[in-house]
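Computed from the coordinates by the stated procedures, all read-outs in this text should not be read as laboratory data. Fair warning: this is a prediction, and the values are worked out from it, not measured in the lab. Methodologically, a virtual Cβ is constructed for each residue, glycine included, from the backbone with ideal geometry; neighbour enumeration extends over all protein chains shown.
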Ligand code: DGL
């Protein structure tokens, strides 16, 4: 079991930011990444639909013999974490609790900002996780759906991105947040733009990096870590459009992205 891969899944390409954080922190672990590129985006879909898609992916990953599952997608974590944990015989780790906990540790008295897809923000999952770690903490939330296509276009510094960021983040500035969670797989690629928009004093929390740290701890405590020195294998699987996944995905992950298999679900 120790040599079995970790399953990582997302609605599409964005979860590669979480995969990259896992490769960096756990260089001996093998992974299978599933991107549901046929059904992306999950952000505007109903909780029931996202839960159904997520369960289909979970069962496919379990059939591949994974030893743990990481839900890299914030929207899927918001709507489906409990359902997947109840259905899986292996640990299932989502991105929201690690991001929320890191935000609470970094807060300096002001409110905590959270940005994400429409579904993640409407679910209130980050606010609940933050308030269970720090009862009474003030949370300022904002859905920023246009950031996802901007990132996929590679418009990190485009004037349109500057304008949209200024508009979306105005309430964060007004509320004087001092820490803000990047509650969507795509947002870490906008970090320089977000930091410029909000100013240097606001700490940005990357849920993906925090999740990789939690996965490391979970493997260690369950004795499921790969043997030291094991050579990792990384498999990429998508439900559609392999060519675009490779092209845009390389922006998210760099050299590591090889050929992806195509598997249709549902
Ligand atoms: N992966 C999604 C998330 O982190 C963003 C893209 C989508 O809407 O599917 O919420």
Expressed in nm to one decimal, what extension gain is obtained for the pair residue 59 and residue 174 from 0.36 nm per residue of sequence separation less their Cα-Cα distance?
37.0 nm
Helix 242-253 sits at what angle to the longest principal axis of the chain, using alpha carbons and giving 0 to 90 degrees rounded to 10?
60 degrees
Return the whole-Å distance between the Cα centroid of region 55-115 and the Cα centroid of region 193-233.
13 Å
If each residue of separation counts as 0.36 nm, what is the full-extension length gain between residue 124 and residue 3 once their alpha-carbon separation is subtracted?
39.9 nm
Please report the relative contact order for region 163-208, taking Cα pairs under 8 Å with a sequence separation of at least 6, and give it as a percent rounded to a whole number.
50 percent
Rounded to the nearest 0.05, what FRET efficiency do residue 52 and residue 138 give with R0 = 35 Å and r taken as the Cβ-Cβ distance? Could you check?
0.55
Relative to the longest principal axis of the chain, what angle (0 to 90°, nearest 10) does the C-alpha long axis of helix 74-87 take?
40 degrees
To the nearest 10 degrees, the tilt of helix 159-175 (Cα long axis) against the first principal axis of the alpha carbons of the chain is 70 degrees
In whole Å, what are the Cα extents of the chain along the three principal axes, biggest one first?
49, 39, 38
Distance (nanometres) between label positions extended 7 Å along Cα→Cβ at residue 85 and residue 235
2.7 nm
Contact order relative to length of the chain, as percent, for alpha carbon pairs under 8 angstrom and 6 or more apart:
28 percent
If you find the alpha carbon centre of region 147-169 and of region 1-39, how far apart are they in angstrom?
26 Å
Suppose only helical runs count, i.e. DSSP H with n ≥ 4. What mean residue ellipticity at 222 nm does that imply for the chain under -39500 (n - 2.57) per run, divided by all residues and rounded to the nearest 500 deg cm²/dmol?
-14500 deg cm²/dmol
Between residue 259 and residue 195, what FRET efficiency follows from the Cβ-Cβ distance if R0 is 30 Å, with the result rounded to 0.05?
0.30
Cα-projected label distance for residue 105 with residue 162, points at 7 Å along beta-carbon direction, nm:
3.6 nm
